Amino acid sequence: MLILETKDLSKRYDGVAALDGLSLGIEAGAVTAVIGPNGSGKSTLVNVLSGVAPKTGGRIAVSGVALGRITASDVAAYGITRTFQEVRLFNQMNVMENLLVVLTEKNVFGAILERHAEKHARRAEELLRKVNLWEKRSELAGGLSYGQRKLLEIARALASGADIYLFDEPFAGLFPEMVKIVEGVLVELRREGKTVVLIEHNMDLIRALADRVVVLDGGKLLAEGATAATLGRREVLEAYLGE
Amino acid sequence: MSILPQLIANSLIAAGTYALIALGFNLIYAATKFFNLAHGAMATAGGYAAFFLLQSFVGINVVLAAALGVLFAGLLGWALDRAVYRELRKRKASNTVLLVASLGVFTVIQAVIAMIFTSQFQTLSGGAADSVYQIGGAAVTETQVIMIAAAVAIAAGLGLLLKKTLLGKEVRAVSDDEEVAKIVGINTERVIGWVFFIGSAIAGLGGILVGFDTGLQPTMGMSLLLRGVIASIVGGVGTVYGAAAGALLLGFVENFGIWKISGEWKDAIAFSLLIVFLVFRPQGIFKR
């Protein structure tokens with residue numbers, strides 16, 4: 001079943017097409033890697049799907065429901081969350097607060113009284129232990145190392161409890177032990193039946209983690225399908241993998 | 001008798017007034033990243049709302065009239081955000097556009113107040129004369145004591161609100177990265193609405209206390225705004241403690257600056273302080 005679909009999706013920046021009539025489908029409950037050379041439109045695709053950049057044309061459907069437009073304010077309600085290539089945290093807050101602000105109920109009185117604080121604190125602890133940041137819980141997010149910031153952003157995405165996770169290069173710049181943590185997170189998300197869209201350059205990681213691959217070129221779809229078969233296609237090998 | 005205790009008292013009173021403007025101004029700036037010049041008009045509106053109630057309903061409790069004035073200023077700020085700024089944000093208006101719009105809003109509110117209440121100077125009074133206390137050699141009125149106490153209590157309260165409540169965390173999240181705040185499911189428009197309500201209500205309280213202390217005029221908002229903005233910039237734009245520290249410094253520099261010279265130099269001293277900070281420490285005392 002397709003949980004995310006695009007049809008003739010386009011995004012232009014000052015007349016330059018970053019996405020050019022892109023039609024593709026993302027399978028529910030699978031890890032789909034999006035690959036392609038720099039400038040092929042991978043990050044733009046994630047930006048459009050998460051409402052960060054408004055589409056110029058085409059259609060997007062989530063769980064079969066066509067959306068006229070998608071804005072950053074809508075994505076949480078559609079069960080979508082994301083991380084960024086350049087990590088974006090709430091730097092004024094400590095590590096724990098970065099998760100609590102996502103976990104706590106968001107109604108008028110809950111906002112003042114912050115109810116169910118214990119339950120949320122337990123969930124935050126669980127997530128911080130998962131990404132090995134529990135010891136850093138009282139430190140300001142802005143003061144963490146690059147890798148720790150990436151891990152915290154991933155934990156924050158997990159805190160949202162979304163169905164669809166858009167990860168923009170989550171492994172980039174991580175130490176090997178941190179890569180293992182993120183691998184574990186992705187495996188667990190798949191086991192839980194969540195949908196993951198993963199922008200990644202490392203082919204070994206893609207072969208190990210992705211069920212499907214979408215290959216972009218110049219904002220267009222070059223190939224899509226099961227990982228091994230798609231990566232083995234001649235045009236993909238020749239043009240993008242250098243193999 | 002030494003003039004020093006009175007100068008210190010005057011400095012603290014001025015600091016209290018400026019803090020009541022700067023605290024709300026900084027809170028709104030933190031969430032929206034624009035200079036809301038209409039903030040000065042919230043102080044005027046609060047003062048005149050209390051004045052209207054005290055004039056219209058003889059015998060009304062002064063505290064109740066003041067509380068309703070504060071509520072009115074808060075609701076006015078919230079309504080302005082919904083009607084004007086939110087619409088501009090939807091249209092992706094730049095901060096310059098928002099600033100110009102806020103100047104327009106300020107002018108309209110000031111003109112409406114002048115039309116309803118005339119441009120005459122009005123006194124805000126609860127009936128009884130303001131008690132005067134002698135504290136450490138300085139004469140201080142009851143209103144001025146309330147002003148200083150309110151500024152301290154509100155600064156501490158806002159600090160707690162931002163640190164300890166979900167709303168506070170949401171405000172800090174919006175302040176850090178509004179787009180990401182939206183993506184993680186924070187209703188940023190609701191948060192900004194709250195910020196306008198709280199910030200404007202604090203300014204309204206400032207206007208009411210100034211009304212009791214020195215009286216009301218439709219144009220009073222501009223001088224309050226200017227002092228509030230200077231205090232914000234000096235203390236650090238967008239921070240609660242910055243607003244309080246900036247107000248304190250401004251109050252003392254202004255009042256001690258005119259120790260040996262004419263009081264007419266007060267404005268020049270205030271703006272000199274601003275220029276010194278803009279040149280040598282543009283981030284203010286507390287950097288965000």
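The values are calculated or read from the model by the stated rules, or taken from the named source; none is laboratory data. Note that this is a predicted model, so its numbers are computed, not measured. Here Cβ is always computed from backbone atoms with ideal geometry, including for glycine, and neighbour counts include all displayed protein chains. Ligands, DNA and RNA are stripped out before the accessible areas are found, and what is left, the full protein with its side chains, is counted by its heavy atoms. Shrake-Rupley method; radii C 1.70, N 1.55, O 1.52, S 1.80 Å.
The Cα center of region A:4-35 and the Cα center of region B:223-248 differ in position by 47 Å.
Which residue, chosen from B:ALA45, B:VAL229, B:LEU88, occupies the Cα position most advanced towards the positive end of the dipole of region B:4-280, where the dipole is computed from +1 (Lys, Arg) and -1 (Asp, Glu) charges on Cβ about the Cα centre? Projecting each Cα onto the dipole axis, the largest value belongs to B:LEU88. Per-residue ellipticity at 222 nm from helix content only, as computed over chain A with -39500 (n - 2.57) for each DSSP H run of at least four residues, stands at -9500 deg cm²/dmol.
Output the antiparallel fraction of DSSP beta bridges having both residues in the protein assembly as shown, as a percent to the nearest 5.
65
Rounded to the nearest whole angstrom, the semi-axes of the ellipsoid equivalent to chain B, taken from the Cα gyration tensor as √(5λ), stand at 29, 23, 18, largest first.
Summed over qualifying helices (DSSP H, 4 residues or more, each -39500 (n - 2.57)) and divided by its residue number, chain B shows a 222 nm mean residue ellipticity of -24500 deg cm²/dmol. Computed over protein heavy atoms with a 1.4 angstrom probe, the accessible surface ordering of A:MET178, B:MET115, largest first, is B:MET115, A:MET178.
Pairs of Lys residues in region B:4-280, spaced 8 or more positions apart or belonging to different chains, with C-alpha separations under 21 angstrom: 10 in total. The relative contact order of region B:4-280 comes to 40 percent, based on Cα pairs under 8 Å that sit 6 or more residues apart.
On association of chains B and A, roughly 2400 Å² of accessible area becomes buried (total for both chains; probe 1.4 Å).
Taken residue by residue and averaged, Cβ atoms of other chains lying within 10 Å of the Cβ of B:164-175 number 6.
Between B:ALA114 and B:ILE275, the simple label model (points 7 Å from Cα in the Cβ direction) yields a spacing of 2.9 nm. Using the average count of surrounding beta-carbon atoms within 10 Å as a protection proxy, the listed peptides B:198-209, A:222-233, A:80-91 rank, highest first, as B:198-209, A:80-91, A:222-233.
Over the whole of A:90-102, what's the average partner chain Cβ count within 10 Å per residue? Rounded to a whole number, please.
Across A:90-102, the average partner-chain Cβ count within 10 Å equals 5.
Approximating the spin labels as points 7 Å out from Cα along Cα→Cβ, the B:ILE60-to-A:GLU139 distance works out to 5.5 nm.
For region B:87-214, rounded, prolate or oblate, judged on the Cα gyration tensor with a ≥ b ≥ c (square roots of eigenvalues), a/c < 1.5 rounded, else prolate if a/b > b/c?
It comes out oblate by the Cα gyration axes.
Per-residue surface analysis assigns B:SER2 an accessible area of about 70 Å², computed on protein heavy atoms at 1.4 Å probe radius. For chain A, lysine pairs separated by 8 or more sequence positions, or belonging to different chains, with Cα-Cα distances below 23 Å total 24.
Here's the picture: a label point sits 7 Å out from the Cα of A:LYS180 along the beta-carbon direction, and within region A:192-210 nothing has its amide nitrogen under 16 Å of it. Between amide H atoms placed 1.01 Å from N, distances below 5 Å from A:ASP217 occur with A:LEU222, all of them 5 or more places distant or on a separate chain. Each residue, A:ARG129 and B:VAL97, gets one label point 7 Å from its Cα in the Cβ direction; the gap between the two is 5.0 nm. Here the relative contact order of chain A, from alpha carbon pairs under 8 Å that lie six or more residues apart, stands at 27 percent. The angle separating the long axis of helix B:39-56 from the principal Cα axis of greatest extent in chain B is about 60 degrees. With contacts taken as Cα pairs under 8 Å and at least 6 residues apart, region A:132-227 reaches a relative contact order of 21 percent. The distance linking region B:141-155 with region A:74-95 is 40 Å (Cα centroid to Cα centroid, whole angstrom). Between 0 and 90 degrees, the angle of helix B:188-213 with respect to the longest Cα principal axis of chain B falls at about 10 degrees. Charging the Cβ of each Asp and Glu at -1 and of each Lys and Arg at +1, and nothing else, the dipole of region B:4-280 about its Cα centre rounds to 640 debye. Can you give me the Cα centroid spacing of region B:48-110 and region A:160-232 in angstrom? Their Cα centres are 50 Å away from one another.
List the DSSP H helices in chain A whose Cα atoms stretch 30 Å or more along the helix axis and whose mean Kyte-Doolittle hydropathy is at least 0.0. Qualifying helices, which must be both long enough and hydrophobic enough, do not occur.
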